[in-house]
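**Q** Here's a structure for you.
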Amino acid sequence: MAADSDRHFADLDSILDRHARDPNALLQILRETQECCSYISAAAIGRLSAALDIPRARIEGVAGFYSFLHLQPHGEYRVLFSDNITDRMLGSQALMDEMCRQLWLQPGKVSEDGLVSIGLTSCTGMCDQGPAMLVNGRAITKLTHQRVQEIGHLIRNRTPLSDWPADFFRVEDNIRRSGPLLDNRIAPGDVLRDVIESGKDIVAAVKNSGLRGRGGAGFPTGLKWEACRNAPGAARHVVCNADEGEPGTFKDRVLLNRHADLVFEGMTLCALAIGAQHGYLYLRGEYRYLLEPLQAVLQRRRDNKLLGKNILGQPGLDFDIVIHVGAGAYICGEESALIESLEGKRGIPRNRPPFPVTHGYLQQPTAVDNVETFCSAALAIQMGAENYRAIGTAKSSGSKLISVSGDCPRPGIYEYPFGVSVRQVLDDCGAVNTRAVQVSGPSGVCVAESEFDRKLGFEDLPTAGAFMVFDDSRDLFEVARNFVHFFAHESCGFCTPCRVGTAILKQTMDKIAAGLGTQYDLGEIEHLDHVLQTSSHCGLGRTACNPVLHTLKHFRPAYENRLKSLVFSPAFDLDGALARARQMTGRDDAGAHLKTEGV
Ligand SMILES: Cc1cc2nc3c(=O)[nH]c(=O)nc-3n(C[C@H](O)[C@H](O)[C@H](O)COP(=O)(O)O)c2cc1C
Ligand code: SF4
C-alpha cells in the first residue's frame, strides 16, 4: 500500500515538473493525474495543493466541474456511452442495457468489486460511425451487440486496453465530398514561406478574402485578427478552438487527423499577423486519441524551423504551440470559458465585453478561432483573396465542411461552396423520406421538408457544421427532448435563469413525454424562452429552448398528441381561479391555459 502511494507521488511529481509547477496548468495536471492513478484521490489533492500553492477547495472545485474527472474511485474501466440522438437512433440504449446486464451493473454505479462503471456522456463526435463509447477516455466506434459482448469479456478478464483489438479504436474520416479545403496540396510551411518572402499583409489578405469564422458565430476573421494586433499589450496569444462539442459536429476531428499541418500553419500565420509568441490548441477530451499524433506534427514543424525560435531563419520570429486537452465540458467551446479552462479554472464564461481580442488568456490580447477557420485562412492566403471570394456567396465566401449524420446511407464529411441547398446535401448523402434536418446542432435550426430549398450560409442558414437527418419514422418530439436534456446537463450552472430554466425545460419535456403535460406547459416553454433569451449569461442559455420552439413550429401534433386535456366540473370557478393565478404570479396571462383547455 505504502509502495503504491510512493509510486503515485513519484508520478505526481513528474507530472508537476512536466508542467513547471504552473497553477495555470491545473486542469492538465489533474487530467494526467487521473490518467496515471485512475482517479484524483484526497492524498493527490493534498500534494497538488502544496506544490502549486492552491487551496484544496479550489482544486476540488475545478476537478468537480469537469465530467471526465473523478474525485472518487470510478472503476478500473470507465465506460461512457455517447448519448447523442444519432447514437440513440443506432440503438445505443439497448447496447448499454445489454452491457449493464452482462456485467451485473446499474448505469451510473461502480461495480462492487471496483472493476467497472457504465454511464452516459454527451455526443462524442463519432456520429458518422456510431453508436460510440469511451472506455477510459478512448473512443470506440461502430458498436454492435457482438462488439459489446466482446468488450464485456475483455473487461471481466481485466485485459489492459492496450491489448484490445485495434479495430475497436479505428476512427474513419468518412470524407464523401471534397473541395478546395480537403483537396488542398499545401506543403508544410508553403504559405508561411511565401508570406515572409513577399512581405504580404496577412490581415489585409484575410480581410479581403471575406473569411468568416467557422465555429458558428461567423465573425469576420480578418477584423478579429486586426483588433487583436491593434490591442495594447506586450504579450499576445493564438488559441485554436478544437472543443467541437456541438452534438452532430465532427469535421474538426477530420481536419485534425488529416490536415493538422494546415491547422498549425493557419495558427502560425495568425501569430505572425498579430505578433503572438504563444499558441494553444484546446483539444476536446473525447479526441484524446489524437494527442500523440498532433504532438508528432508539432515536433516535425519544430525540426523544420516552422515553429520555435527564429521561424524560417527570421530573427525575432518566435512562436510555439502547446496542446491542452479538455475534460468533458461542452461549455468550454465558448471562447471565454475556453480561456478560463486554459488558465486551469472551471469553464465559466466571462462577462463580455471586454472580448478576448483585448482581454483573453491571462487578460492579454488573444485571437480564438475554430480549427476550420485556421485551415481556411491559410488556404485563402494561398489562393489569393479574389480566387477565394469567387467560391461561395456574397456574404459567405469559400467552402464549408458539413458533418452529415442520422438517417442516410452515406454519413460523413461533405465539403461544399457556401450556398448549397439542404435538398442538395440530402440528395448527395442518399437520404430518402426525410422529415427534418437539424442544421448546426441542438442550438441551431430544425428545417422541415417545406424548407429544404433553404441554403447553407450566413445569409440564410448559418452552421458550424452539423447536419442531422431525420426520416419519417422519427418522432421529432423525442429529438427535441434529447436536445434539452443535453442543455440541462451541460449548463455550467453559473447563472440562475439557465441553471434553473434548462432543468425546468427538461422536466416539462419529460412530463409531456409521460402523458402528463397540458397546453399550459407549451405556453410556459415560450415564456421560459423569453426569460432565457433576455437573462442568460452566454449562448448556451439563450439557445436552450430552440429545439422545442422549432419542432413545435413544424411538428406541433407530435406534442399535442401527448397532451392531457383538463376536464372541469360544472361547479369549477374559472374566473376565481384566473384571478388567484394573476394575483400569485403578478402576470396578466397567468392561468390563460385554463380557458383554452377547460371544457
Ligand atoms: C455554448 C457554446 C459552445 C461553443 N462551442 C464551440 C466549439 O466547440 N467550437 C468552436 O469553434 N466554437 C464554439 N463556440 C463559438 C466560440 O465561442 C467562438 O465564437 C469561436 O471559437 C470563434 O472562432 P471562429 O471565429 O473561428 O468561429 C461555442 C459558443 C458557445 C456559446
Ligand atoms: S447561460 Fe448557462 S452555460 Fe452560460 S454561463 Fe449561464 S449557466 Fe453557464
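The values are calculated or read from the model by the stated rules, or taken from the named source; none is laboratory data. Note that the coordinates shown come from a computational prediction; the quantities given were computed from them, not determined experimentally. FYI the Cβ positions are ideal-geometry reconstructions off the backbone, even for glycines, and counts take in every protein chain you see. Heads up: the accessible areas ignore ligands, DNA and RNA and are worked out on the full protein's heavy atoms, side chains in. Shrake-Rupley method; radii C 1.70, N 1.55, O 1.52, S 1.80 Å.
**Q** How would you classify segment 325-410 from its alpha-carbon gyration tensor, with a ≥ b ≥ c the square roots of the eigenvalues: rounded for a/c under 1.5, else prolate if a/b is greater than b/c, otherwise oblate?
**A** In terms of gyration-tensor shape, oblate.
**Q** Another question about this same structure. Would you please calculate the Kirkwood hydrodynamic radius of segment 202-325 over all C-alpha pairs and express it in Å, rounded to one decimal?
**A** Its Kirkwood hydrodynamic radius stands at 15.2 Å.
**Q** Let me ask something additional. Within a Cβ distance under 11 Å of Tyr361, other residues only, what is the Lys/Arg minus Asp/Glu net charge?
**A** -2
**Q** In 20 Å bins starting at 0, how do the alpha-carbon pair distances of the chain split up by percent?
**A** Pairs per bin, as whole percents: 19, 51, 26, 3, 0.
**Q** I need the GluC sites (Glu not before Pro) found in segment 38-131, filtered to DSSP loop residues with at most 14 other beta carbons within 10 Å of theirs.
**A** Glu112
**Q** Provide the solvent-accessible area of Tyr39, counting protein heavy atoms only and rolling a 1.4 Å probe, rounded to the nearest 10 Å².
**A** Accessible area, nearest 10 Å²: 60 Å².
**Q** Can you pick out the pairs among Lys109/Lys506; Lys506/Lys564; Lys200/Lys251; Lys305/Lys345; Lys309/Lys395 whose Cα atoms lie more than 27 Å from each other?
**A** Lys200/Lys251; Lys305/Lys345; Lys309/Lys395
**Q** Any chance you could check the Cα centroid distance between segment 459-485 and segment 421-454 for me, in angstrom?
**A** The two parts, judged by their Cα centres, are 9 Å apart.
**Q** Ignoring ligands, DNA and RNA, please state the percent of accessible area on the chain from carbon and sulfur, probe 1.4 Å.
**A** Accessible surface attributable to carbon and sulfur in the chain totals 50 percent.
**Q** Ranked by accessible surface with a 1.4 Å probe, highest first, in what order do Asp428, Asp17 come?
**A** Of Asp428, Asp17, the descending order of accessible area is Asp17, Asp428.
**Q** Using a 1.4 angstrom probe, figure out how much accessible area segment 40-111 has per residue, in square angstrom, rounded to the nearest whole.
**A** 45
**Q** Right, here's the next one. Any idea what the relative contact order of the chain is, in percent, if you count C-alpha pairs under 8 Å spaced at least 6 apart?
**A** 13
**Q** So what does log10 I(q)/I(0) come out to for segment 337-492 at q = 0.12, 0.17 Å⁻¹, using the Debye formula with one equal point on every Cα and no solvent?
**A** After summing over all Cα pairs, the log10 values are -0.68, -1.09.
**Q** OK, next. In whole Å, what are the extents of segment 1-129 along the principal axes defined by its C-alpha atoms, from largest to smallest?
**A** Computed over segment 1-129, the largest-to-smallest principal extents equal 47, 32, 23 Å.
**Q** Test of understanding: given the chain, find the longest segment containing no trypsin sites (Lys or Arg not before Pro) that are in a DSSP loop and have at most 12 other Cβ atoms within 10 Å.
**A** Longest run free of exposed loop sites: 186-586.
**Q** Can you tell me the mean projection area, over all orientations, of the convex hull of segment 86-237's alpha carbons? Units nm², please.
**A** 14.6
**Q** Now, a different point. Once the Cβ-Cβ distance between Ala448 and Arg101 is put in as r, and R0 is 41 Å, what FRET efficiency do you end up with, to the nearest 0.05?
**A** Efficiency, from the Cβ-Cβ distance: 0.60.
**Q** How big is the Rg/Rh ratio for segment 365-429, C-alpha atoms only, Rh by Kirkwood, two decimals?
**A** Checking Rg against Rh, the ratio lands at 1.05.
**Q** Also: Can you work out the accessible area per residue across segment 211-333, with the rest of the protein chains kept in place, probe 1.4 Å, in square angstrom?
**A** With the other protein chains kept in place, segment 211-333 gives 32 Å² per residue.
**Q** I would also like to ask the following. Need one number for segment 462-553: average projected area of the convex hull over its C-alpha atoms, nm².
**A** About 6.5 nm², averaged over all directions.
**Q** For the residue pair His554 and Leu312, what label-to-label distance in nm results when each label sits 7 Å from Cα along the Cα-to-beta-carbon direction?
**A** So the two model labels end up 4.6 nm from each other.
**Q** Tell me the mean residue ellipticity at 222 nm calculated for the chain from its helices only (DSSP H runs of n ≥ 4, each -39500 (n - 2.57), averaged over every residue, nearest 500).
**A** It comes out at -13500 deg cm²/dmol, rounded to the nearest 500.
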